[in-house]
Amino acid sequence: MFFILVLIILLYLKFQNRIPILMYHRIADIPGDRNSLPLAKFEEQLQFLAANGYQTITLDDVYDYYTNNKSLPPKTVVLTFDDGYKDNLTLALPLLIKYNMQATVFAITDWVGKENKWENFNKKLTTTMDWSELKKWQTAGMQVGSHTVSHPFLAHLEPTMLKQELQKSKKELEERLAVPIDHLCYPYGNFNKNVCIASKDAGYKTALAIFEHAPLWQIDLFALPRIPIPAKQKMWEFKLKVSPIHTIFIFLRQAERAFKKLFK
């Protein structure tokens, strides 16, 4: 017990200045879908952040913080949404505005305005934001990033296809939305060293993973870890996920995953 306490203290001292990056998908109440967070739970989380002095920042701020030592408020958090579902606009956005929060949506360029058929997990199909809706998201003060062209496992692609997934999505988003697209999100959190190098070569400033394989002992702007927010997220756990010890949560998830692999 003493060893565990000492370990937690050491980890806290090491990671206390890291910025928590939260990962959402849908804002919807869909039984059995762990990636769909009910609207009431999402508002409860935003209420907690607002009431306790948290400020949301952009990935541009994260980049400047880690590269240029930009000063940030004492309590900061990044909110991200994968895939760009329409309910991010219709349900999440009004609450983000209500609580004065910012967020980033990562859009899949070949699936903009279409049903989410890239997900072969027997999920209920839904629609993503179309180009005009992504512009509405932007106009409201939110950010858009790239989630590739077709949502593949990037580490499985040969170099030419990898380059196309990264560069083509960036180019189309910039042309359609008339803003620089500097931030990338790896589909399924899947990446390796070659993917990181290709992402940097494609002109991105940051790329987001989830927790698996994301380095914790040093900052890698092309493998930034995120913390998933599941459908049944308990508030006590959410509070830990945005606290200065949030990286310990990621560390424990990585340890859990490594332990399970030993017995496969």
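In this simple spin-label model, placing a label point 7 Å from the Cα along the Cα-to-Cβ direction at both Lys70 and Gln16 gives a separation of 2.4 nm. Of Asp201, Asp182, Asp83, the residue with the greatest mean-square motion in the GNM of the chain, using alpha carbon springs below 10 Å, is Asp201. Counting only DSSP beta bridges with both residues in the chain, the antiparallel share comes to about 10 percent. For the chain, a Gaussian network of Cα nodes joined below 10 Å ranks Asp64, Asp33, Asp87 by mean-square fluctuation, and the top entry is Asp64. Using only the C-alpha atoms, the convex hull of segment 1-152 corresponds to 162 Å³ per residue. Taken over the Cα atoms of the chain, the convex hull encloses 141 Å³ per residue. Specify the residue with the greatest mean-square fluctuation among Met235, Met23, Met142, computed from a Gaussian network of the chain linking alpha-carbon atoms under 10 Å apart. Greatest mean-square fluctuation among the candidates belongs to Met235. Going down the table (Lys41/Lys171; Lys70/Lys200; Lys86/Lys205), which pairs top 31 Å between alpha carbons? Cα-Cα > 31 Å for Lys41/Lys171; rest within.
Overall, the accessible surface of the chain at a probe of 1.4 angstrom is composed of carbon and sulfur to the extent of 57 percent. When the C-alpha to C-alpha distance is required to be over 27 Å, the pairs from Lys117/Lys170; Lys98/Lys241; Lys170/Lys232; Lys75/Lys163 that qualify are Lys170/Lys232; Lys75/Lys163.
Spin-label model, Asp29 to Phe3: label points 7 Å out along the Cα-to-beta-carbon direction sit 4.6 nm apart. Average accessible surface for segment 12-78: 48 Å² per residue, computed with a 1.4 Å probe over protein heavy atoms with every protein chain in place.
Note that segment 93-194 presents 49 Å² accessible area per residue, ligands and nucleic acids not counted, probe 1.4 Å.
The values are calculated or read from the model by the stated rules, or taken from the named source; none is laboratory data. In this text the structure is predicted, and so the values were computed from the model without any measurement. Counting neighbours? That spans all protein chains shown, and the Cβs are built from the backbone with ideal geometry, glycine included. Surface areas here come from the heavy atoms of the whole protein model, side chains and all, with no ligands, DNA or RNA. Shrake-Rupley method; radii C 1.70, N 1.55, O 1.52, S 1.80 Å.
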